[in-house]
1. Taking θ as phi - 60°, what are the ³J(HN,Hα) couplings along region 37-48 by the Karplus curve (6.51, -1.76, 1.60), each to the nearest whole Hz, with x for Gly and Pro?
2. Simple spin-label model, 7 Å along Cα-to-Cβ: GLN57 to VAL18 in nm?
3. Please give me the summed charge of the neighbours of TYR51: other residues whose Cβ is under 13 Å from its Cβ, Lys and Arg +1, Asp and Glu -1.
4. Could you check the spin-label model distance between VAL77 and THR64? Points 7 Å from the Cα along Cα→Cβ, value in nm.
Amino acid sequence: TSAMSPTPPHAGDNNWKVLGAGDYGIGLNGICCSNDIVWRNETSGRLVAWYLDWSGQRTSGVFTSPDAPEPPLAWEVVGPR
């Protein structure tokens, strides 16, 4: 088993935790099946998805809409469908 490290290698502060990984988008240039990362800020409850290409490079990132649940951490995040 091997591991991949996303680029950039960190999320900015220690409040961001990885919630899950899977294919949450359509991938780079419409190619599916790359592993993406969903992060949650344990203070604010904000969620962001990092879309990665097959080499583990971040191609984009998207915050959820609405921006954060009320109260923070109220949302239960489940895997992709």
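1. These are the phi-based 3J(HN,Hα) values: 10, 10, 10, 10, 7, 6, 9, 8, x, 4, 10, 9 Hz.
2. So the two model labels end up 2.0 nm from each other.
3. Details: positive: ARG58; negative: ASP23, ASP36, ASP53.
Residues near TYR51 contribute -2 overall.
4. 0.8
Taken together, the values in this text are just the output of simple stated rules run on the coordinates, not laboratory data. Model, not experiment: these values are computed from the prediction. Heads up, the Cβs are rebuilt from the backbone with ideal geometry, glycines too, and the neighbour counts pull from every protein chain shown.
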